[in-house]
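Some notes on the structure that comes next.
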């Protein structure tokens, strides 16, 4: 008998029919003798509907009151799933965040979990009940309802698994696991049996948006065994999804590269002829950060003739705003020669813990791209990832040849 | 400075525009220096939408989980009204039933209020905040969410007024007060400045559905000054509505009759030739009650020749079912001669505390109807009410002539 936390997202809870399917799946796990805690999101579209309603009343809705309101989305689905389970003879009980007592700080709309009371849940689990907890929400020490921000239901699932010392936290989504790359681009992409937290973080932040980064960090920190599964697989045809582990796989066949991630939503900006002196990076990125624009890659090469070129990438939607800031406030101030940029770029990354012990991965990657005539515009590396920026038109080609070159389609 | 509890129903909260209007009204009362507690219902239609969703999952939804779900309707409107107030510069704070701690018993979907904690609300009121409380909901001693049943928001308003010892509980509806009768039938109907709780109970149960009976009983019990007002009157054109008082009006002009109520949704059934012996009423009405059919008037006259006729009225929608029960299970069992009935009847009542001290009201009523050739089929009286059943076609005529006869149009 194991204690399993399952999390179902908004798509899985999207209609009465789908909720009944979730109930059947939960019932099958329960019938195997496991103790089950289910975390659910609001029905897809509901959170946006509520936020829209709030904005009709107040252009920038009061954060405390917005939390009171949007938390109702999950309050509806916990009740519906409890009913669906009861209607097929499974004893179940719903819990709001406040009823569990998922204690958070008071940062409305983006609260952080501080503590989880497990006493009541434990008693109900021991009495044979399936526990259904509203994701995404908690309560502060004054009893005010809080929410964890978008995607917070994954975090609720992981936090509950940590608090209850669950054997596994299963995240059900509309994909059946983590793939070596996007199967829509490379049909030969393979599902990974397992992946490390570090790799998952790199994959997720690079656009393989299967799990919320925050929940992965959380799972890594509290050593929660996390598994990504599909909620749309038919009975008898379920697969094991992808397990996200703390330890690197020690089997012989460990791949050096686990996957090829990519992001086509980026744009690059370069400040040319910047005086090569201390403090220049801050003078360039300070105003960007103050404008609340997230920066992804940052590249500065060694200078010559006392000047250097400074490049970084931003989300494509922020490109125009970032360029204007550089032109209006930065160029003259730092004494740069010019500001140039390109919206039509993409980022392609090879991710794998194996590259730590295998030098030569970078050169294999560059050679593979060169053989296809793909020019590399920027390069950035971390311990377990090599990212390149290339012209957007090469995205599919680059992903495909790298996937093949690193033997991921075998 | 007074402490005022205001209650707004689903129609008043029916759209963002209407919620903004409620906020403006609350702001005007606040600007007069009063402390304000507002109780709100869900947006009109929302509770039914949620119940419909629940029924798609479970034919008879689990009561505990249904309460978790339908209580979200008011949780949304408290937040919206708080936002609307903040957006016009009025400090406001929302409270769910659990956050106030409106303690109820555990009878889900029809819970009764046991206690209300006033500490937190009092602190916020003293800090100058408008308090907005979700109507219709509470929490039991285990922390489970409960609801008070349909119309429970009126009860929440009255209960809060009692707990906080408010100076007045104002119930805002889509009518501007209680009238001597329905103005759609008698254009000369007058709005009553005040009415006693007892009269209001008789008026309400007879079809003048302005207030929930339960909240009127509650207000009478806890001596809460209750006022019915319109939430649709324009600024500067507000009237005082109708005050529902504990004491009878002691002014000279006290009317004997306060109003003419009526109900056209009734049907009558008569069991003819029933043996006139003890236990017969129970033998007739027992099976009706077991079938969950509510009985309104019950008439049994003195018998002759050892038999009597037994009549009662039911809601017209239950007529066929009730008649079948009488024919199938009752007639033979009690040895009655026959079962007859009539769906085309209505009930008309004169209500007024003044009739206690004025004999002759009944005969004036019967004479007035006789002068118009209206035959009276059944008569039932209480301390402050005389009801007659007449052919449905006479409803408007009977109401009009009685309204005039008792001087209500002056």
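The values are calculated or read from the model by the stated rules, or taken from the named source; none is laboratory data. This structure is a prediction, so every number in the text was calculated from the model and none was measured. Heads up, the Cβs are rebuilt from the backbone with ideal geometry, glycines too, and the neighbour counts pull from every protein chain shown.
Which of the residues that make up the stretch A:142-152 are in a loop (DSSP other than H, G, I, E, B) and away from every other protein chain (no Cβ under 13 Å)?
Listed by number, the residues that qualify are A:148, A:149, A:150, A:151.
Among the criteria (1) part of a strand (DSSP E or B); (2) touching a residue at least 60 places away in the same chain (Cβ under 8 Å); (3) in contact with a helix residue (DSSP H, G or I) (Cβ under 7 Å, 6 or more places away or on another chain), the one residue A:386 does not fulfil is (2).
Answer yes or no: is there a residue in the stretch B:207-215 that is touching a residue at least 12 places away in the same chain (Cβ under 8 Å), at positive phi and surrounded by fewer than 20 Cβ atoms within 10 Å (Cβ to Cβ).
Yes, that holds for at least one residue.
Specify the residue that is nearest to the chain's Cα centre (by Cα); the eligible residues are those in the stretch A:101-132 that are touching a residue at least 60 places away in the same chain (Cβ under 8 Å) and within 14 Å of chain B (Cβ to nearest Cβ). The extreme case among them is A:132. How many residues, within the stretch B:171-194, are modelled with pLDDT of 90 or more and closer than 21 Å to residue B:41 by Cα? Matching residues across the stretch B:171-194 total 2. Per the conditions (1) in a loop (DSSP other than H, G, I, E, B); (2) at pLDDT below 95, the sole criterion not satisfied by residue B:89 is (2).
Test of understanding: among B:111, B:161, which residue is in contact with a helix residue (DSSP H, G or I) (Cβ under 9 Å, 6 or more places away or on another chain) and in a helix (DSSP H, G or I)? It is B:161.
Taking the residues in the stretch A:10-47 that are away from chain B (no Cβ under 14 Å) and closer than 30 Å to residue A:142 by Cβ as candidates, determine which candidate is surrounded by the most Cβ atoms within 10 Å (Cβ to Cβ). Among those residues, the one meeting the criterion is A:39. Of the listed requirements (1) more than 18 Å from residue B:267 (Cβ to Cβ); (2) in contact (Cβ under 8 Å) with a residue 12 or more places away in the chain; (3) surrounded by fewer than 18 Cβ atoms within 10 Å (Cβ to Cβ), residue B:308 misses just one: (3).
Within the stretch B:353-374, the set of residues being modelled with pLDDT under 90 and at positive phi comprises just one member, B:360.
Considering the conditions (1) under 27 Å from residue B:279 (Cβ atoms); (2) surrounded by 13 or more Cβ atoms within 10 Å (Cβ to Cβ); (3) out of contact with any helix residue (DSSP H, G or I) (no Cβ under 8 Å at 6 or more places or on another chain), residue B:328 is excluded by exactly one of them, (2). Picking from residues in the stretch A:49-65 that are in contact with a helix residue (DSSP H, G or I) (Cβ under 6 Å, 6 or more places away or on another chain) and over 30 Å from residue A:23 (Cβ atoms), the one that is surrounded by the most Cβ atoms within 10 Å (Cβ to Cβ) is A:65.
Close Cβ contacts (under 6 Å, 6 or more residues apart or on different chains) running from residues in the stretch A:48-75 that are facing another protein chain (nearest Cβ under 7 Å) to residues that are buried (at least 24 other Cβ atoms within 10 Å of the Cβ) and outside any helix (DSSP H, G or I) comprise A:54/A:61; A:65/B:94; A:68/A:145; A:68/B:94; A:75/A:96; A:75/A:134. When A:55, A:64 are screened for being at pLDDT 95 or above and more than 22 Å from residue B:98 (Cα to Cα), only A:55 passes.
Residue B:357 falls short on exactly one of the conditions (1) surrounded by fewer than 20 Cβ atoms within 10 Å (Cβ to Cβ); (2) under 30 Å from residue B:178 (Cβ atoms); (3) touching a residue at least 12 places away in the same chain (Cβ under 8 Å), and that condition is (3).
Note on the stretch B:340-354: residues that are surrounded by 16 or more Cβ atoms within 10 Å (Cβ to Cβ) and within 15 Å of residue B:394 (Cα to Cα) amount to 6. Considering only residues of the stretch A:76-92 that are closer than 15 Å to residue A:24 by Cβ and within 7 Å of another protein chain (Cβ to nearest Cβ), which is surrounded by the fewest Cβ atoms within 10 Å (Cβ to Cβ)? The extreme case among them is A:87.
Residues that are surrounded by 17 or more Cβ atoms within 10 Å (Cβ to Cβ), assigned to a loop (DSSP other than H, G, I, E, B), touching a strand residue (DSSP E or B) at 6+ places or on another chain (Cβ under 8 Å) and at pLDDT 80 or above within the stretch A:226-266 comprise A:231, A:241, A:257, A:258, listed in sequence order.
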